[in-house]
Amino acid sequence: MKIVVIGCTHAGTAAVKTILKENPEAEITIFERNDNISFLSCGIALYVGGVVKDPAGLFYSNPEELSKMGANVKIKHNVKSIDTKSKKVIAEDMNTGEEIEVSYDKLVNTTGSWPIIPPIPGIESKNILLCKNYDQANVIIRQTKDAKKIVIVGGGYIGIELVEAFQKSGKQVTLIDGLDRILNKYLDKEFTDILEDDLKKNGINLALDQCVKSFKANENGEVTSVETTKGEYEADMVILCVGFRPNNELLKGKVDMLPNDAIIVDEYMRTSDPDIFAAGDSCAVHYNPNGNYAYIPLATNAVRMGMLIGKNISTPKVKYRGTQSTSGLNLFGYNIGSTGVTVSGAPQIGLNVRSVIVKDNYRPEFMPTNEEIIMQLVYEVGTNRIVGGQVMSKYDITQSANTLSLAIQNKMTIEDLAYVDFFFQPHFDRPWNYLNILGLAALEQEGL
């Protein structure tokens with residue numbers, strides 16, 4: 001079986017390793033534009049902030065490893081076209097310009113995503129940077145040395161993590177976002193209010209609910225300020241973190257996609273073309289809270305989907321379980337976990353929900369130290385099915401987001417959570433675990 005893999009970061013690396021484990025006779029050709037594979041972009045802020053000293057640790061594989069496993073790895077190769085009828089791929093060596101043609105029995109599209117670059121006047125100015133891959137991370141680190149005033153555009157996870165990294169490096173940081181709250185996809189207002197107050201206490205200038213109108217530059221073409229709908233902010237460096245779009249130009253019109261060009265796959269990672277598989281940020285995912293497709297570019301989705309390609313490429317065997325978009329974050333000492341839908345986001349995906357919020361200590365008051373935790377449970381009106389949850393504390397309770405994720409995937413109700421068996425030990429929790437308490441609060445709210 002001849003297999004061509006296009007793109008080799010999270011999904012591609014997982015797919016190749018699993019394919020070769022399950023089908024050692026497979027002939028795999030990998031095309032990758034970069035000179036590296038498997039870069040953990042979620043570690044960029046740690047690298048920029050100096051927490052990670054050796055960037056080699058942000059790679060969990062390399063071309064040499066995949067070559068030893070039997071793959072033909074062609075880095076710095078750009079795929080120019082895919083002929084799905086004759087089942088051929090044409091790629092260009094980015095160093096020499098030479099074109100090669102490779103045929104396939106099965107094609108694996110793991111081309112990932114790319115940062116959205118909005119058409120804003122002045123965006124071509126120097127020192128306006130993107131934050132996605134290893135090369136961009138190195139550019140940011142080099143230019144950070146001379147920058148004093150840094151503007152981050154976008155208040156999602158990447159933007160927020162960079163805000164903290166730069167603040168701890170002694171920079172003056174401004175965060176701009178078009179919405180009125182940070183982390184709005186992951187947390188509701190009760191949580192973001194706390195975090196925004198903490199950001200301000202740490203000297204972060206929050207410029208929320210305002211859109212960027214233009215970037216101004218000096219005579220050398222270097223950015224000097226960012227003009228928004230509500231003000232102007234000085235900047236030596238700007239980093240755009242406004243979201244991602246799927247990289248699917250090669251297959252546009254050849255397989256079924258969502259309106260945003262994310263590829264639709266079935267439960268075995270097959271596209272509408274039975275000989276083309278896809279995974280990772282190039283794909284839509286099955287979103288369990290409402291049972292529909294969604295575009296959620298996360299590394300966790302990518303590695304799972306990539307592995308499933310390897311399991312199913314010769315024979316459909318293992319089904320995709322879907323996702324809850326579960327994520328975690330550490331921000332200025334707060335440990336934050338989130339899964340499923342928020343109250344504010346539920347109407348956008350057709351869910352009618354209620355929620356309950358509980359604040360409590362994580363363990364008995366007789367213990368010498370303690371920390372307050374804040375938790376929210378989101379559940380569907382009528383069925384009481386759990387569809388979302390958020391947890392936050394200076395104590396690390398983020399693994400509880402994983403527990404709530406499993407509850408969503410398995411369609412558990414608030415009653416299930418209230419009475420499920422969790423252990424008690426005073427070092428760690430109360431006789432009623434805090435998730436039990438959260439479920440019980442939801443039951444009380446419903447009069448049950």
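Mean separation of Cα pairs under 8 Å and 6 or more residues apart, divided by the residue count, gives region 1-159 a relative contact order of 26 percent. Note on E27/I123: beta-carbon distance plugged into 1/(1 + (r/R0)^6) with R0 of 41 Å gives a FRET efficiency of 0.40. Taking amide H as placed 1.01 Å from N in the peptide plane, K213 has its amide H under 5 Å from the amide H of E227, T228, T229, each at least 5 places away in sequence or on another chain. Rounded to the nearest whole Hz, the Karplus-based 3J(HN,Hα) values (6.51 cos²θ - 1.76 cosθ + 1.60, θ = phi - 60°) of region 210-224 follow the sequence 8, 9, 6, 9, 6, 10, 9, 9, 8, 5, 8, x, 8, 4, 10, with x at glycine and proline. Here the contact order of the chain, divided by its residue count and restricted to Cα pairs under 8 Å and six or more residues apart, works out to 13 percent. Rounded to the nearest whole Hz, the Karplus-based 3J(HN,Hα) values (6.51 cos²θ - 1.76 cosθ + 1.60, θ = phi - 60°) of region 426-433 follow the sequence x, 5, 10, 6, 9, x, 9, 4, with x at glycine and proline. Remark: region 232-238, residue by residue, has Karplus-estimated 3J(HN,Hα) of 9, 10, 5, 7, 8, 8, 10 Hz, where x stands for each Gly or Pro and the curve is 6.51 cos²θ - 1.76 cosθ + 1.60 at θ = phi - 60°. Using a probe radius of 1.4 angstrom, the carbon and sulfur fraction of the accessible surface of region 117-240 is 46%. Divide by every residue of the chain the summed helix terms, -39500 (n - 2.57) for each DSSP H run of at least 4, and state the resulting mean residue ellipticity at 222 nm, rounded to the nearest 500 deg cm²/dmol. The per-residue figure over the chain is -7000 deg cm²/dmol. Looking at region 335-446, the pairs of alpha carbons with a distance over 18 Å make up 45% of the total. Rounded to the nearest 0.05, the FRET efficiency derived from the C-beta distance between S81 and K145 at R0 = 45 Å is 0.65.
In terms of packing, defined here as the mean over residues of other Cβ atoms within 10 angstrom, the peptides 233-241, 352-360 line up highest first as 233-241, 352-360. V318: net charge of surrounding residues, Cβ under 11 Å, Lys/Arg +1, Asp/Glu -1, itself excluded? It works out to a net charge of +3. Within the accessible area of region 57-99, the carbon and sulfur atoms contribute 44%, probe 1.4 Å, all protein chains present.
Taking Lys and Arg as +1 and Asp and Glu as -1, the other residues whose beta-carbon sits under 14 Å from that of D396 total -1.
The chymotrypsin sites (Phe, Trp or Tyr not before Pro) of region 39-87 that meet both conditions, a loop assignment by DSSP and at most 14 other Cβ atoms within 10 Å of the site Cβ, are Y60.
With a ≥ b ≥ c the root eigenvalues of the C-alpha gyration tensor of region 350-404, is it rounded (a/c under 1.5), prolate (a/b larger than b/c) or oblate? Here region 350-404 falls in the prolate category.
Under 5 Å between amide hydrogens, built in the peptide plane, is the criterion, and for Y186 it picks out nothing among residues at least 5 positions away or on other chains.
Segment D273..K168, full-extension length gain: 32.9 nm, with 0.36 nm per residue of separation and the alpha-carbon distance subtracted.
The overall shape of region 50-175, judged from the alpha-carbon gyration tensor, is prolate: a/c is not under 1.5, and a/b is greater than b/c. Using only alpha carbons, the chain has a radius of gyration to Kirkwood radius ratio (Rg to Rh) of 0.99. When only Cα pairs below 8 angstrom with a gap of at least 6 residues are kept, region 335-446 shows a relative contact order of 29 percent. Descending by average beta-carbon neighbour count within 10 Å, the peptides 167-178, 280-291, 10-21 line up as 10-21, 280-291, 167-178, the highest first. When the Debye formula is applied to the Cα atoms of region 174-252, each taken as the same point scatterer, what base-10 log of I(q)/I(0) results at q = 0.16, 0.17 Å⁻¹? Results for region 174-252 at q = 0.16, 0.17 Å⁻¹ read -0.73, -0.79.
Taking other residues whose beta carbon is less than 11 angstrom from the beta carbon of V378, and scoring Lys, Arg as +1 and Asp, Glu as -1, yields 0.
Histogrammed with a bin width of 5 Å, the alpha carbon distances of region 117-240 distribute as 2, 11, 22, 25, 21, 13, 5, 1, 0 percent, first bin at zero.
The values are calculated or read from the model by the stated rules, or taken from the named source; none is laboratory data. Remember, predicted model here, so these are calculated numbers, not experimental data. Note: ideal-geometry Cβ built from the backbone for every residue, glycine included; neighbour counts use all protein chains shown. These area figures cover heavy atoms from the full protein model, side chains too; ligands, DNA and RNA do not enter into them. Shrake-Rupley method; radii C 1.70, N 1.55, O 1.52, S 1.80 Å.
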